[in-house]
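The values are calculated or read from the model by the stated rules, or taken from the named source; none is laboratory data. Keep in mind the model is a prediction, meaning the values are calculated, not measured. Every residue, glycine among them, receives a Cβ derived from its backbone with ideal geometry; neighbour counts consider all protein chains shown. Calculation scope for accessible area: heavy atoms of the full protein, side chains included, ligands and nucleic acids excluded. Shrake-Rupley method; radii C 1.70, N 1.55, O 1.52, S 1.80 Å.
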Amino acid sequence: MKDDKGLEDALFKCAVGFDTSEVVEEYTVEDGELKLVKRKVTKRDVPPDIKAVKLIMDGEADVRTMSDEELIKRREMLIEKLKEEGIGYTNQS
């Protein structure tokens, strides 16, 4: 696949959770020009996805038998390891 790194990054983002925002703008035409009437910014927190964690850990033999609680504990350990390596993590779930 051409963009394996992008796919890995997206999977990691889903596994640890992330913050996102959506911008909706409404315009009207006045005197032949567009004019911004309303702008709404919605921010939300997307929680970690256990299925994404399972996919990341798929190479580990015991992942198929791990409970959700064990997977959550493993995810927290991986997040701490990433923090130690200087990889940013902003979502606190």
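For the range 1-56, what does the accessible surface come to per residue with a 1.4 Å probe? Please give it in Å².
Ligands and nucleic acids excluded, the result is 84 Å² per residue.
Return the FRET efficiency for the residue pair Val41, Phe18: r is the Cβ-Cβ distance, R0 is 25 Å, and the value is rounded to the nearest 0.05.
The value I calculate is 0.95.
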